[in-house]
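Contents: one structure, followed by commentary.
Where a number appears in this text, it was derived from the coordinates with a stated rule and is not lab data. The structure presented is a predicted model; accordingly, all values stated were derived computationally and were not measured. No Cβ is skipped: glycine too gets one built from the backbone with ideal geometry, and neighbour counts run over all protein chains shown.
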């Protein structure tokens with residue numbers, strides 16, 4: 001079912017201000033930056049071993065990330081779990097009583113299919129199901 005922790009999403013006010021910590025201080029590799037218009041965010045993927053860190057900068061004041069930062073400040077936003085057959089995983093989660101934010105997958109960064117589980121169903125953690133299309137990796 002779950003293949004791995006694909007990435008950890010971190011909400012930031014500014015990629016420009018946040019990236020040096022990850023690349024210069026921690027010495028991690030920036031894999032790329034991408035605008036995800038549908039989510040109103042600009043994302044940077046940073047390779048951290050087998051997992052990635054996804055920095056999320058809001059591009060609009062009403063984006064979910066902008067609202068998250070306004071309410072909670074910068075920090076860990078979600079944990080993304082790499083899956084196959086995301087539609088089947090969504091059905092499985094629903095059958096197990098997990099409330100889904102997305103009943104159908106949406107296109108996320110790297111053209112991946114994504115769906116979020118509601119944190120009220122997961123002990124307060126926002127989990128994302130993430131399926132790479134055709135084996136694609138994020139930027």
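Starting from the exponent 0.38 and prefactor 2.2 Å, build the expected Rg for the range 2-135 from its residue count and divide its actual Cα Rg by it.
In units of the 2.2 N^0.38 Å rule of thumb, it is 1.03.
How would the range 1-54 be classified by its alpha-carbon gyration tensor: rounded, prolate or oblate, with rounded meaning a/c under 1.5 and the a/b versus b/c comparison settling the rest?
It comes out oblate by the Cα gyration axes.
Could you calculate the contour length gain from residue 85 to residue 62, that is, 0.36 nm times the residue separation minus the distance between their Cα atoms, to one decimal place in nm?
Gain on extension, residue 85 to residue 62, equals 5.2 nm.
So what's the back-of-envelope 222 nm ellipticity for the chain, counting only DSSP H runs of four-plus at -39500 (n - 2.57) apiece and dividing by all residues, rounded to 500?
The helix-only estimate for the chain comes to -5000 deg cm²/dmol at 222 nm.
Calculate the spin-label point distance for residue 40 paired with residue 3, positioning each point 7 Å from the Cα along the beta-carbon direction, and give it in nanometres.
Between residue 3 and residue 40, the label points sit 3.1 nm apart.
Indicate, rounded to the nearest 5 percent, the antiparallel portion of the DSSP beta bridges found entirely in the chain.
In the chain, approximately 80 percent of DSSP beta bridges are antiparallel ones.
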